[in-house]
Amino acid sequence: MTDAESGSPQRQLVVGADLTLESDRADVSITTADGTLIVAVESVGGLLALYNLQESVTSSMGEWLPTGDELPDDTPLEFNAPAVIRLRGHTVARYNPDGSAGLLGRLTGLTGVEVAPAGVLRALGTELVE
Amino acid sequence: MLSPFVCVGTMASTDAEIEETQTWPELAIGLYERLTGRGAEIAYEFEDMYVDVPDKVGEDADHARWRLDGTLTIRTSENDE
């Protein structure tokens, strides 16, 4: 009997990260704090590189991930951690798995992503000044 | 020849889900479920690891090289934890 069938609470995956990702276009730090995933980038170019990485992985994952038909239907796991994207120390977007898609979410197809306009302006201002 | 799937099925003879394992992904999920069910945690440690990420499928794909360093841990919890 599965957890769902037995009525027991559904289990979720809890991820902890203390990672750095570097490419010729980006320096990215991924950490977790109080259950929130924090993605910190130091430049607009780095943010675009991270978005390109997400697109590349998404478009090719069908080649190396099992298809839905190969996974058990009753796997009682879910991943629903919130996330924050920071650019130059300023929060520019938030991901809430339970939230509706904001403007950025609709533009990028990343459901649940909401832009923080004040943070975007501060981050861009910092980048332009330097 | 005795396959890994048969071995796991033998280990978990009382677990119907594991006994029905047919593929490597199912095997991985089955093992993960059993480990995390006992409160275990899976930790990935990346030390100066380089990954060439293709921008599309095919031989003409361009690759972006990413360097990973640090740790990633995964465990499970109940929603009301």
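Odds and ends about this structure:
- Any hit, segment A:96-111, residues being within 22 Å of A:Glu55 (Cβ to Cβ), modelled with pLDDT of 80 or more and not in a helix (DSSP H, G or I): yes
- Selection status of A:Glu114, part of a strand (DSSP E or B), surrounded by fewer than 18 Cβ atoms within 10 Å (Cβ to Cβ) and modelled with pLDDT under 90: yes
- In segment A:33-54, the qualifying residues are those that are facing chain B (nearest Cβ under 10 Å) and over 12 Å from the mean Cα position of the chain (by Cα), and the one that is nearest to A:Ala83 (Cα to Cα) is A:Gly35.
- Verdict on A:Val14 being facing another protein chain (nearest Cβ under 9 Å) and at pLDDT below 95: yes
The values are calculated or read from the model by the stated rules, or taken from the named source; none is laboratory data. Computed from a predicted model, the values in this text were never measured in an experiment. We place every Cβ from the backbone using ideal geometry, glycine too, and count neighbours over all the protein chains shown.
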